[in-house]
Amino acid sequence: AIAAYHKAKALHPVGMGIDFELATLYLVLQNYPKAIEFCQNILAAAPPPARKAQIHHMLGGIYGQQKHYNSAIVQLQQSLAAVPDQEKVYFDLGLSYFHLREFVEAEHHLLQCLKLNPDFPSAYYYLGLIAIERNQPDIALNYLAKVEQSKEEFVELYFHQGRAFTLLARLDDAILAYEKALPHYLDTPVVYLNMANVYLLMDQPHKALPLL
């Protein structure tokens, strides 16, 4: 497919549609430098606002996948400048700021996402994680409950509920949450360590020791 598109590109070097198809194909193949190259070709051709927003959003996603979050933020902001009020772009901005641990900005953009679409479970999920980082477990549990009600699968949901319950000293609830998390973390020490810590807080070392 790539060879065919390159052949078409040679015949029609100014075609933004071909550049977009090539950018998308290279993105799927995780060849990020080539994907970026063809995105930049599209932007250089001064596309209309909707396509410009789409390409900047795509570039934001590419940089985000490479953990270049500051570069991602620049592209996502340019996407919003071209076409305001894009819920997914606001979410991706929130996620980028979250990974940079800039929680004020992350919260702002996640709330903007929810303002446009109140049914966006991933935004509630990351707001819950921000609340845990701020030592606000009650707020975290409210957000995480909305995620649970959505019926979408978030494999780390119960793990983070366990963290929030522990902060509230609701230790029985913390153990129940971690037990629900275990099937997703069978080879991950952190869940066992957290459960052991809760059992120690409950003064039950005989249950903690087998987890260590």
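Quick note: the coordinates plus some simple rules give every number you see, no bench work behind them. Computed from a predicted model, the values in this text were never measured in an experiment. FYI the Cβ positions are ideal-geometry reconstructions off the backbone, even for glycines, and counts take in every protein chain you see.
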**OP:** Quick one: check the C-alpha center-to-center distance for the stretch 161-212 versus the stretch 76-142, whole angstrom.
**Re:** 28 Å
Original post:
Counting Lys and Arg as +1 and Asp and Glu as -1, what is the net charge of the other residues whose Cβ lies under 15 Å from the Cβ of L176?
Top reply: 0
Original post:
Tilt of helix 16-28 relative to the longest C-alpha principal axis of the chain, in degrees (0 to 90, nearest 10)?
Top reply: 30 degrees
Subject >> Calculated on alpha-carbon atoms, Rg and Dmax of the stretch 106-148 in Å >> reply: 9.5, 27
Original post:
What's the local net charge at K207, with K and R +1, D and E -1, over the other residues with C-beta under 14 Å away?
Top reply: -3
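Between D119 and V74, what is 0.36 nm times their sequence separation minus the Cα-Cα distance? Round to one decimal in nm.
Once the chain is fully extended between D119 and V74, it gains 13.6 nm.
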**OP:** Identify which of Y97, Y125, Y26 has the largest mean-square fluctuation in a Gaussian network model of the chain, with springs joining Cα atoms closer than 10 Å.
**Re:** Y26
**OP:** Could you work out the equivalent-ellipsoid semi-axes for the chain, taking the square root of 5 times each eigenvalue of the Cα gyration tensor, largest first, in whole Å?
**Re:** 43, 19, 13
Original post:
What net charge is computed for the residues neighbouring N117, neighbours being all others with C-beta under 14 Å from the C-beta of N117, Lys and Arg scored +1, Asp and Glu -1?
Top reply: -2
**OP:** With everything on Cα atoms, drop me the angle between helix 32-44 and the longest principal axis of the chain, reported from 0 to 90° to the nearest 10.
**Re:** 50 degrees
**OP:** Sticking with the crude label model, points 7 Å out along Cα→Cβ, report the distance from L186 to Q66 in nm, one decimal please.
**Re:** 3.7 nm
Subject >> Normalised contact order of the chain, rounded percent, pairs of Cα under 8 Å and 6 or more residues apart >> reply: 9 percent
Original post:
Of the cross-linked pairs K88/K180; K52/K88; K34/K67; K115/K146, which ones have a Cα-Cα span greater than 22 Å in the structure shown?
Top reply: K88/K180
Original post:
Which angle between 0 and 90 degrees, to the nearest 10, do you get for helix 87-99 versus the longest principal axis of the chain when only C-alpha atoms count?
Top reply: 60 degrees
**OP:** Quick one: pull the percentage of alpha-carbon pairs in the stretch 136-212 with a separation above 18 Å.
**Re:** 37 percent
Original post:
What does the highest-first list of 182-189, 53-60, 71-78 look like by mean Cβ count within 10 Å?
Top reply: 53-60, 71-78, 182-189
**OP:** Calculate the dipole size of the chain relative to its Cα centre from +1 charges on Lys and Arg beta carbons and -1 charges on Asp and Glu beta carbons; express the result in debye to the nearest 20.
**Re:** 600 debye
